[in-house]
Every structure is written in structure tokens, then in C-alpha cells.
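Below is one structure; the comments refer to it alone.
What follows draws every value from the coordinates through simple rules; no lab data is involved. Note that the coordinates shown come from a computational prediction; the quantities given were computed from them, not determined experimentally. Note that we place each Cβ from the backbone using ideal geometry, even for glycine, and neighbour counts take in every protein chain shown.
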Amino acid sequence: MKATILALLSIGAAAAQQTVAPTAEPVGPIRGDNTAEYNVVNSIELGYRWDTVGGSQDEYNSQVNYGSGVRLLSSSLTVNSRDGHGRFFDEIVLTTQGLGNDPYESATLRVQKNRLYRFDMNWRLNDYVNPGLASAGQESGNLRDTEYTSQDDDLTLFPQSKFKFFLGYSRNVQDGPEFSSVGGIFAPTLGSFAAASVRDARNEYRIGNEFQVLGIKVNWMRGWEDFKEDSRVNPQFDTSQGGPDVFANPYHGTSPYWRVALFTDKKWFSMNGRFTYTGTQRAFLQEQSSFLGGAPPALGLQVVTVGTGHRPVATGNLTLSFFPTSKLSITNSTAVYNVRTEGEAAFLQANDVTGNLQVKNFLYLGIRTVANQTDLNYQAAKWLGLFGGYHYSDRFIRSILDPTLPTYDQTSILNAGLFGVRIRPVQPLTIVLDGEIGHANHPFTPKSDGNYQALNARVQYKLKSLMLSAHAQSSYNNNSIVLTAYSSHARTYAANASWTPLRWLSFQADYSKLHLDTLGGLSFFDSGNLTAGESLYISNLQTANLGLRFTIGKRVDLYSGYSHVQDTGDGRNQAVGSGFGPTIPEFQIAQTFPMRFQSPLARLSVKLTNRVRWNVGYQYYGYHEDFFTGQSFLTDQAYRAQTGYTSVLWSF
């Protein structure tokens, strides 16, 4: 749940407030420069970042991760043929950001010649740091500190014709060190951790074609995807229990696939269909042993999970839209999803002390879903629109663990209805109200939709440069399955405003509040006994952003912003003793997550010439977790960081 809150924090902070660098101000001639038969627009920003961090360096790295050094903060190059008939190309677009050891780097390239070819490349590099949960008052260091690189290359031949060809290649790699207790039974000692080298790689090759026949556009793609996970683990033994060892937990697979899409558009009718089939092969081997990491040898547990599998997945979606009148549209969509996991997999647990061996097999899991939905949209008047629909799905699940055991089947049918209205009483004002009610007779997982309802309201006012909007949403889901119970209530309120009253002055602001309470069942071991209980998680997450931009004279631009994220949790003022359910301290703390995050920033940009700008900026990050600070069994995760930069932005 901590990871979820941090993700919401990042999304909320990034949605309305930019980081202080790179600089967003324009530089150089707006229409670029003419060179021979091409027009060129370009800019490049080279600068230096600095940072100081107090508190948890690991937590800062997992959330912000900006460091010191020289950076190519951004660059942009656009070259266009002036008459659309260049000799070798008609357009080049190249953009980069953060090159030179920034934690988030990217580059995009597009090169095309009209009617002949188009090439697109997208490259990204992210430094991923996950410090894990440092417990028992110890600093565990980075649980995972890896580099994630992805690249997509696509070539289209004859892009403007009715007969196109596609070639593509993608590669994703995650590489770097991690520390984990996966090799053995966890104990709060240095020897319980295992140093690992993460190496995950995915390669995908694509070839395809698009053509038209009888007014129907047909697009097909054939692809091959290979996946390898070859993490190597080096357990750190206690010297009294033997020397070091190295072993690997490989996980390999391949996923060849087909994709086909059909499109057609007529005056009163349109159709689009998408169909895919993937035949996935997997093979894996994982080993765990309580002898690793200095755990007491009396436990003597060894676990091996091994198997191979075939996982074919077939999907299909056909959408038909009808427009009998200019005011009415009717859309019907049918979707089919079928996935099977079949093969031979086994879970083996051996106790070297007692000689006991337990084996659990797995042979088959199949899920088939058929869904249909019909939606109507009617513009009753210029100021009034109505929409509604009925959604139905039938989900069948079959599981086979062992040929000697019964087959487990389950069918869940979902019926849902929705209705909404759009009102525009005056031209600048738009109001949208809608709701949905659904019921599933046999939900499969605790989080599956059971008896749920959702209500939404949106209001927007836009007049010239002024835009005001507000949004409210509530979603309630009550569910009950055989193993446990689950229910959740979520309510969201949001408002934002943007306004440019003067040519040299503009501002934007937004605020949102998310309330979430989730009740679920628990099964855990307490003092060696299997115990059942319930857990209630409560979150009240509030996010606010403010940005102000104004120009001084014709040369100086100033931007300032502030972001604040706070979760008040369930309102309690102490970590342990007042929560819901089990009184175990770790469980009490995990049921709410009060925290605060704030980040003010300011940036000054001075126009030295029409082609050169000098920039300087400052940004502060402050993060604090109320219940994870000052606990004897937890490590403080708070930090305070100051970052800044100076740069030169120019067009050449």
C-alpha cells in the first residue's frame, strides 16, 4: 500500500507542476531559419544540477533521485522540407531530455519522406531505486537499484498510400544490483540478505501490413517476443556455516503473436474490430533454503518451484456504431477473452531435519470472458444531451491442480446499467452527471466487482483565457467470496483553475482529495498459530498545486510554483494501539499512512539575445512519514532535499 500512496503522490505532484528544469521558455526565431531547401527550428539547453540531501538518502533516491553534475537538460531539432519534396527526407524531428546521468533520460526521433517512408524511434532510461522497508531499526540499504532501458523502433513504408508495410523492434532491459532475503528465511541480521544481480531482458520483433478491400481497412501484425529473467544471487553465509555460493533462478519464455484490426467508416455506420492471439511458452526454476543467510539450521527447509507451461491468449473485440439521425448514435460492442495456463508445475518443500516432503502440483487454469455492451447517445436539444447503456459479461474459470483431484469451475455474470446527462445552460458552462450500478453473482477475487455503484459529476466553465472546472466521484464496491470478505468506498473531489488575465501574467491552481477505506480479511501466523482477522485501511489523500508565471519587461521571465501532498490517514495521533483489527504493531501501522510532502520551486530566465537565454532555478523537496519515524522497529524514511540548476538555452 505504501507503493500505491507514493505512486499517487508522484502523479499528483507531476500532474500540474513541472520540475524546475529543463526550462520551458522559448528561444530563437519562432519560424526558424531557412537553409537551402529546408526550414530549421532548434534549441539546446546545457546546464549544471546540484543537490543536497538530509535524512533518508534511499527514500530520496526512490522518489526524486536528481544528483549533481553537468547535464544536457533538453534539446529540440526540427527540419522540414520547404516544398514537401526533399531529396532524402522531408522531415526530421529530434528531442532529448536529461542526457548525461539524469535519472530520467529520453530521446525521440522521427524521420520521414512523403509517400516513401517514416521511421520512429523512442528511447528511455530510468534509474529505479526501491529501498524496501527497513525494519528492526536497521538500514537495509537499497533493496533494488536498477537501470531500466527501453527502445522502440518502427519503420513504415509508403505511409500515405493504401498499401503500407510495417517493420518494428523493441527492447527492454532492467539491469543492476539488489539486496533481498528471498534466498532464505528472513532474520534481522546482516547475513540474512543476499546480494543479487538483476538481469531482465525482453526483445520483440514485428512485421505487418495495411491494405484496403471493399472499403474495409485491414491492418495485421505478426510479432515474436522473447523474455529472459536471469537474476544471479550470491548469499552471504555466516562463516560458521560454510563458504559463499552462487545460484540462479532463471525464468525464460517466448510469446509469438498475431494482431488483426478491421476498420470502415460510412455516413451512417462505422465498424472496427480487433483480434489477437498469443501463444506463450514459459520455463522457470526457483530455489529457497533456510540454510542460506545464517538462519538456524534446525529449520532445515528447502523449497523448489519448477515447471514449464503454455499460455495461449486469444482476444476479440467488434464494435458497431450506427448514426440513424444527426442527434442519435447507437454503439454495440462485443468482446471475447480466453486465456489458458497449462503445463506441469510443482511446488516442493523438503524438511531435512524431519525428512518430510510436501508436493503441490498445478496443471491447468482457464479463464473465458464474453462481454457485450450497448450505449446510446442522444442530443435532445442544443443545451441538453442524454446517454445511457447496458453492460453484460459472463466469466468462466476452470482450475485443475492434479488429475486425482476434482475440477474446480466457477461462473460469474455481471449486469450493469448506466445513465448520464450533459447540460449546457449557457455557452461557457458545461455540466455532466452520470452514474453506474452493477451486480456480479459470483466474484472470483476479493477485489473483483461485486455489488457496486459509481456516481460522477463534472462542471466546466471556459470563457476566453479563464477556465474553471470541478469534479466529484464516488465508487462503492461490496464483495464477498468464499475465502474472505472485501469492500471498498472511494470518493474523489477535485477542482482546478487557469487564467491569463494579462499578456505578461498567468496562473494555474488545482486541488484534489481522495478518500479511500478498504476492509478485507486476513490470514496470518501468530506465535506459530494460523490466525484469522480483518484489516481496515483508511486514506485521506489531499493534493494541491499552484503555479504563477509573469514577464518583466521583454527579457525576464519568472515562474514560481508550489506542490503539497498530505494524507491525514484515519485521524489517529499515534501509530500503535488505536487501529482496527489485530493489535500487532506492524499491522496497526500498515492500516493507515499519514504523510506530508511539499515542494516549492522558482525559476528565473533572462533573454540575453534573441537566440540565447540564461536560466537559474531552485526546488525544495520535503517528505515525512508520521508513523514510520521514531519507531524502535522501523527506520526513519523522512528526508529534506534542496536541488537547483543553472543553464544556457540557445538556438544556433
Query raised in the report: Taking the Cα-to-Cβ direction at Phe652 and at Gln379 and moving 7 Å from each Cα, how far apart do the two end points lie in nm?
Result: 5.2
Requested in this report: For region 524-652, just run the numbers: alpha carbon Rg, then divide by 2.2 N^0.38 Å, N being how many residues it has.
Outcome: 1.65
Query - Packing-based ranking, highest mean first, of 53-65, 427-439 given that Cβ atoms within 10 Å are counted - result: 53-65, 427-439
Report task. Tell me the label-point distance for the pair Tyr277, Leu116, using the 7 Å Cα-to-Cβ offset, in nm and rounded to one decimal. Result -> 3.8
Requested in this report: Could you pull out the chymotrypsin sites (Phe, Trp or Tyr not before Pro) across region 77-131 that fall in loop regions by DSSP (anything but H, G, I, E, B) with no more than 13 other Cβ atoms inside 10 Å?
Outcome: Phe88
Report summary line: Taking Cα pairs closer than 8 Å and at least 6 residues apart, the relative contact order of the chain in percent is 10
Requested in this report: Just the ratio, please: alpha-carbon radius of gyration of region 346-434 over 2.2 N^0.38 Å, N its number of residues.
Outcome: 2.15
Requested in this report: Treating each Cα of region 46-175 as an identical point scatterer and ignoring solvent, apply the Debye formula and state log10 I(q)/I(0) at q = 0.09, 0.11 Å⁻¹.
Outcome: -0.43, -0.58
Report summary line: For 92-102, 338-348, ranked highest to lowest by mean beta-carbon neighbours within 10 Å, the order is 92-102, 338-348
**Report entry** Relative contact order [Cα under 8 Å, 6+ residues apart], region 403-515, whole percent
**Finding:** 18
Query raised in the report: In straight Cα distance, which lysines are under 28 Å from Lys447, not counting same-chain residues fewer than 8 positions off?
Result: Lys2, Lys360, Lys513
Report summary line: In debye to the nearest 20, the charge dipole size for the chain, taken about the Cα centre with +1 at each Lys and Arg Cβ and -1 at each Asp and Glu Cβ, equals 3400
Report summary line: In the structure shown, of Lys382/Lys462; Lys113/Lys607; Lys267/Lys327, the pairs separated by more than 25 angstrom at the C-alpha atoms are Lys113/Lys607
Query raised in the report: Mind checking the alpha-carbon convex hull of the chain and giving the volume per residue in Å³?
Result: 205
Report summary line: Ranking Gly385, Val336, Leu318 by how far each Cα lies towards the positive end of the charge dipole of the chain (+1 on Lys and Arg Cβ, -1 on Asp and Glu Cβ), the top one is Gly385
Query raised in the report: Which distance in nm do the two modelled labels at Ala201 and Thr315 give, with both placed 7 Å along the Cα-to-Cβ direction?
Result: 2.8
Query - Size of electric dipole in region 510-601: Cβ of Lys, Arg +1 and of Asp, Glu -1, about Cα centre, debye, nearest 20 - result: 700
Query - Over the chain: helical MRE at 222 nm, DSSP H runs n ≥ 4 each giving -39500 (n - 2.57), nearest 500 - result: -1000 deg cm²/dmol
Report task. Please express the Cα-Cα pair-distance distribution P(r) of region 464-597 as a list of whole percents, one per 10 Å bin, running from 0 to the bin with the greatest distance. Result -> 11, 27, 25, 17, 12, 7, 2, 0
